[in-house]
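Scroll down for the structure; my scribbles are underneath it.
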Amino acid sequence: MKTYSIREVLQNIAHMPDNWFYLPATEWTLDTHGAFSLNSRDFAPDSTDYLPPQVIGEGWVSTLDKAMIEDVIFNADQQLPHASLECYLKAFEYFYRNDAFVEFHSDPR
């Protein structure tokens, strides 16, 4: 499966696959690479073949799906007129860990 850096995903979310984004179970940076799953509906119910191979082989975790990532970016843009990729990453990680949108204050870093 094709891998994408978090930077690529956040910059080009409209062009990403419409599935779940998987990442290594490590600390993430904009240069961390992950992969989108295939559509699980296209596989047998007991199959894991839709998952990126790194999920089983390297313990990657599912993070957010494309629609959630779009919502995270939209929310950051609503709060910060010139949100940076670092702000998007912070918002992405916050949503992943808390199932809620981050609230940016005067200093979004």
> What's the angle, to the nearest 10 degrees (0 to 90), between helix 85-98's Cα axis and the longest principal axis of the chain?
Replying inline: 60
> Just the Cα atoms of region 38-94, one point each, no solvent: what log10 I(q)/I(0) does Debye give at q = 0.19, 0.24, 0.29 Å⁻¹?
Replying inline: -0.76, -0.92, -1.12
> Just Asp46, Asp31, Asp71 to compare: in a GNM of the chain, with alpha carbon springs under 10 Å, which one fluctuates most?
Replying inline: Asp46
>> If I take every Cα pair under 8 Å that is 6 or more residues apart in the chain, average their sequence separation and divide by the length, what percent do I get for the relative contact order?
In response: 27
>> Starting from 0.36 nm per residue, how many nanometres of slack lie between Asn98 and Gln11 once their C-alpha separation is accounted for?
In response: 29.1 nm
>> Can you give me the C-alpha center-to-center distance between region 47-109 and region 1-46, rounded to a whole angstrom?
In response: 11
>> As an exercise, take the mean of 1/r over every pair of distinct alpha carbons in the chain, invert it, and state the Kirkwood radius in angstroms.
In response: 14.4
>> Angle check, please: helix 66-79 long axis (alpha carbons) against the longest principal axis of the chain (alpha carbons), in degrees 0 to 90, nearest 10.
In response: 0
>> Please report the net charge: other residues with Cβ closer than 13 Å to the Cβ of Arg41, K and R +1, D and E -1.
In response: -3
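We did not get these values from a lab; they are worked out from the coordinates using the rules stated. A quick note: this is a predicted structure, and the numbers were derived from the prediction, not measured. With ideal geometry, Cβ positions are generated from the backbone for all residues, glycine too; neighbour counts draw on all protein chains shown.
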